[in-house]
Amino acid sequence: MFQKISQGLLLILLSTHIGCHSQVATAQTSTRKSICSSKLSSAVDAIVNLPTFNRVTWGILVTSENAQQPLYTLNAEKYFVPASNTKLLTTAAALQALGADYRIRTSIYQDGEGIFRVVGRGDPSLKDTQLQNLAQQLRQKGIRQIKQLIADDSYFQGNAIHPSWMWEDMQYYYGTSVNSLIVNENAAIVRLFPQTVGKPLQIRWDNPTEAYRWRVENNTTTVEKGRSGFVEVTRDLKGPILKIDGQLAANARPDKTAIAVLDPIEHFTRHLRFNLAKSGISVARVFTASPSNNNSEVAAVESPPLSKLLVETNINSNNLFAEALLKTLGSQSQKKNQQDTTKLGLEVLQTTLNTLGVNPESYKVVDGSGLSRKNLISPEALVQTLQGMVQSPQFKVFRESLPVAGVSGTLRRRFKDTSAQGFVQAKTGTMTGVVTLSGYVNPPQYEKVTFSIMANQTGKIASVMRKAVDDIVVLLSQLKRC
């Protein structure tokens with residue numbers, strides 16, 4: 001789902017569910033299954049060595065806070081494609097380097113009579129509500145006409161889309177551009193509604209102006225009630241062409257797809273101009289330009305604190321947020337006049353992880369989200385990052401940003417009615433041929449456990465691999481000392 005509940009509501013629900021599940025789990029501790037820590041290795045081996053996984057490459061590291069040796073290790077020092085487990089490194093570094101209260105500011109400056117410049121600094125959380133706030137601030141200052149509205153998108157330098165990302169990902173919201181001027185997560189939502197049987201599905205955009213940006217090839221149809229449906233929306237490599245195929249039953253719910261916008265700067269200025277007009281401010285001309293001194297700020301909005309941005313990044317595995325945070329790290333670099341903000345962010349990330357005790361040879365990353373298959377991370381690096389954060393004053397914030405088993409985010413449907421529900425907080429990672437999970441377990445009968453489980457070259461559907469990974473984590477939640 002592209003649209004999500006508010007971050008504040010998410011945090012309320014998260015804390016409530018954690019409390020409820022912890023109470024239930026505590027009440028059931030006396031009847032739960034258990035496994036001796038000395039038996040863990042043979043139990044995990046029995047899972048990873050199943051014949052169905054004979055072509056899978058596994059990397060696993062399990063440690064506890066008091067044990068001098070790992071509880072389990074398999075290829076822990078080897079590189080794996082991590083998928084979204086990369087976000088653990090990004091968010092840990094961002095939290096350490098920037099602090100939980102850090103906010104990202106979007107500003108409007110007055111460059112001259114009737115000339116205004118909007119400067120974005122890569123706030124991934126900015127929505128139309130904040131643009132309306134900016135417009136109202138200008139109106140309160142008596143501004144009714146803008147002769148020139150300048151869009152300054154220069155805060156982040158380098159590629160807005162990483163060159164190693166796959167085209168099939170870049171079509172959709174989770175692979176959208178990451179630039180300085182972001183609104184509505186640089187995505188547009190298209191909905192398809194069934195009609196009478198035999199007719200094409202009706203196309204509606206959440207923002208009607210998007211209809212003028214695309215040429216749509218609608219190859220869909222409405223079928224009889226009760227029939228199964230499917231919809232595939234793809235973007236043509238040649239330009240602004242959407243190809244829509246599939247079918248929905250006449251009584252089916254509408255299908256919703258979030259696609260990456262074509263031109264994020266145009267997208268931002270179009271939405272800003274619309275909100276200015278709603279506030280009674282006309283705009284004669286809009287264009288982009290390079291930075292100026294920005295001496296006279298006349299309006300500004302700020303993102304939620306970093307602590308809340310991390311919740312969206314990790315709990316919902318939001319790629320845009322992760323990439324924006326990596327670039328934000330780069331914008332703080334002393335070398336920020338160089339041209340590639342992502343590369344600078346990666347340098348800050350490595351320096352920061354070094355202070356947490358993460359071996360710099362144990363990972364090689366090229367982006368902040370894990371969308372690139374050029375990322376290589378070992379279970380060792382992930383466990384060292386997780387352990388390093390345990391010693392950090394920021395640990396509580398970091399841990400609260402992780403999904404809770406059977407409760408929230410990307411783990412809300414996993415571990416239901418198992419001994420792991422409510423006792424595990426971990427980051428997921430999935431792409432074709434890759435399933436990963438790394439995080440923390442609090443076994444009621446054992447000390448705290450840190451783990452990383454990585455499966456590559458799986459050749460299996462993701463659900464099969466997740467079941468095996470989850471079976472291992474359930475074992476960790478049942479540990480006892482004996």
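At a glance:
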{"quantity": "Test: residue in the range 83-106 that is more than 30 Å from LYS238 (Cα to Cα), in contact (Cβ under 8 Å) with a residue 12 or more places away in the chain, in a helix (DSSP H, G or I) and touching a Pro at 6+ places or on another chain (Cβ under 9 Å)", "calculated": "yes"}
{"quantity": "Test for ALA67: is it surrounded by fewer than 20 Cβ atoms within 10 Å (Cβ to Cβ) and within 28 Å of ILE47 (Cα to Cα)", "calculated": "yes"}
{"quantity": "Members of the range 129-157 found to be surrounded by 17 or more Cβ atoms within 10 Å (Cβ to Cβ) and either of a type in the set (Phe, Trp, Tyr) or within 19 Å of LEU329 (Cα to Cα) (or both), listed by number", "calculated": "ASP153, TYR155, PHE156, GLN157"}
{"quantity": "Residues located in the range 442-472, provided they are in contact (Cβ under 8 Å) with a residue 40 or more places away in the chain, surrounded by 17 or more Cβ atoms within 10 Å (Cβ to Cβ) and under 14 Å from THR63 (Cα atoms)", "calculated": "TYR446, VAL449, THR450, PHE451, SER452, ILE453, ILE472"}
{"quantity": "Residue within the range 293-311 that is under 14 Å from LEU98 (Cβ atoms), acidic (Asp, Glu) and not in a helix (DSSP H, G or I) present", "calculated": "yes"}
{"quantity": "Lone unmet requirement of (1) under 18 Å from VAL81 (Cβ atoms); (2) among the small types (Gly, Ala, Ser); (3) out of contact with any helix residue (DSSP H, G or I) (no Cβ under 6 Å at 6 or more places or on another chain) for GLY429", "calculated": "(3)"}
{"quantity": "Filter pass, ALA299 being in the same structural domain as LEU126 (by TED's automatic domain parsing), over 18 Å from LEU386 (Cα atoms) and either of a type in the set (A, V, I, L, M) or in contact with a Pro (Cβ under 6 Å, 6 or more places away or on another chain) (or both)", "calculated": "yes"}
{"quantity": "Pairs with Cβ under 6 Å, 6+ apart, first in the range 258-280 and closer than 14 Å to LEU138 by Cα, second surrounded by 20 or more Cβ atoms within 10 Å (Cβ to Cβ)", "calculated": "LEU272/LEU131; ASN275/LEU131; ASN275/ALA135; LEU276/ALA135; SER279/ALA135"}
{"quantity": "Candidate set from the range 385-441 (those that are hydroxyl-bearing (Ser, Thr, Tyr) and in a strand (DSSP E or B)); member that is surrounded by the most Cβ atoms within 10 Å (Cβ to Cβ)", "calculated": "THR436"}
{"quantity": "Selection within the range 280-292 - of a type in the set (S, T, N, Q) and either buried (at least 18 other Cβ atoms within 10 Å of the Cβ) or assigned to a strand (DSSP E or B) (or both)", "calculated": "SER282, THR288"}
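The values are calculated or read from the model by the stated rules, or taken from the named source; none is laboratory data. Given the structure is predicted, the values throughout are model-derived calculations rather than measurements. A quick note on method: Cβ atoms are made from the backbone with ideal geometry, for glycine too, and the neighbour counts reach across all protein chains shown.
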